[in-house]
Amino acid sequence: MTELIVLVDEDGATVGTAPKASSHHDRTPLHLAFSAYVFDPRGRFLLTQRALSKQTWPGVWTNSCCGHPMPAESNEQALHRRLDFELGLSADEVIELLPDFRYRAELDGVVENEICPVFGVRVSGEPTLRPSEVEQSRWLDWDDVVSGRTPQLSPWCVLQLRALVGHPGIERLRTPA
């Protein structure tokens, strides 16, 4: 089955779909995505490293989970689907943190060009990594992440972290349950 991404115009209105596998290149069209920041009951944040086999940003450390909603799928539905698929986790709580986040980034001629709402998620289990998606993961103290005591992070994660520092939703998730 061909995985499709949802193409959008500058205002975020859907203008079509395209195959995900052939859409990320030097002229990647603007499309929908999401990012998730996962916390455990102790308030630790899950940092992940993208699989070395990924077409885009292989081996790069980033937020817990990213993905693209399929046509007729909400961002939150996509989040639950990808959280299970990539990390074998299910969400106990989901908070939309940055509904209007948008970015463009380039690495080795491949561009990310996304309207990418950011979510905070609390889980109670331990991740079971899908090797084709995630190389490795680490539970970290949020303060270590925002102060830069991590490996080099993806450009979207760096931008998102700046906007998430002190965010009430993040503060709630990093408080032990």
Residue 96 meets each of (1) farther than 23 Å from residue 11 by Cβ; (2) not in a helix (DSSP H, G or I) with one exception, condition (1)
Original post:
Is it the case that the range 135-153 has a residue that's part of a strand (DSSP E or B) and out of contact with any strand residue (DSSP E or B) (no Cβ under 7 Å at 6 or more places or on another chain)?
Top reply: no
Of (1) within 21 Å of residue 163 (Cβ to Cβ); (2) open to solvent by less than 80 Å² (accessible area, probe 1.4 Å), residue 88 fails just (1)
If you go through 100, 40, 26, the only one that is under 23 Å from residue 148 (Cα atoms) and of a type in the set (Asp, Glu) is 40
Scanning the range 142-159 residue by residue, those of a type outside the set (Ser, Thr, Tyr) and more than 18 Å from the chain's Cα centre (by Cα) turn out to be 143, 144, 148, 149
Notebook entry, point to check: Would you say residue 83 is within 18 Å of residue 169 (Cβ to Cβ) and touching a His at 6+ places or on another chain (Cβ under 9 Å)?
Noted result: no
Of the candidates 104, 81, the one satisfying the condition of being surrounded by fewer than 16 Cβ atoms within 10 Å (Cβ to Cβ), closer than 22 Å to residue 133 by Cβ and not aromatic (Phe, Trp, Tyr) is 81
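Here's the yes/no breakdown for (1) among the basic types (Lys, Arg); (2) surrounded by 15 or more Cβ atoms within 10 Å (Cβ to Cβ); (3) part of a loop (DSSP other than H, G, I, E, B):
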residue: 2; (1), (2), (3): no, no, yes
residue: 5; (1), (2), (3): no, yes, no
residue: 24; (1), (2), (3): no, yes, yes
residue: 69; (1), (2), (3): no, yes, yes
All-but-one check, residue 59 against (1) farther than 14 Å from residue 158 by Cα; (2) open to solvent by 70 Å² or more (accessible area, probe 1.4 Å), failing number (2)
- request: Look at residue 162 and say whether it is charged (D, E, K, R), under 18 Å from residue 41 (Cα atoms) and either in a strand (DSSP E or B) or within 16 Å of the chain's Cα centre (by Cα) (or both).
  value: no
Scanning the range 126-177 for residues that are among the acidic types (Asp, Glu) and buried (at least 16 other Cβ atoms within 10 Å of the Cβ) gives 133, 135
Expected single match for in contact (Cβ under 8 Å) with a residue 12 or more places away in the chain and in a strand (DSSP E or B) among 52, 46 is 46
In the set 164, 107, the lone residue that is among the aliphatic types (A, V, I, L, M) and modelled with pLDDT under 95 is 107
Within the range 107-125, the residues that are part of a loop (DSSP other than H, G, I, E, B), within 29 Å of residue 92 (Cα to Cα) and open to solvent by less than 60 Å² (accessible area, probe 1.4 Å) are 116, 117, 125
Within the range 64-81, is there a residue that is among the small types (Gly, Ala, Ser) and within 21 Å of residue 138 (Cβ to Cβ)?
yes
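The values are calculated or read from the model by the stated rules, or taken from the named source; none is laboratory data. Note that the structure is predicted; figures quoted are calculated from it, not measured. Neighbour counts run over all protein chains shown; Cβ positions are idealised from the backbone, glycine included. Accessible surface is based on the protein model in full, side chains and every heavy atom, while ligands, DNA and RNA are left aside. Shrake-Rupley method; radii C 1.70, N 1.55, O 1.52, S 1.80 Å.
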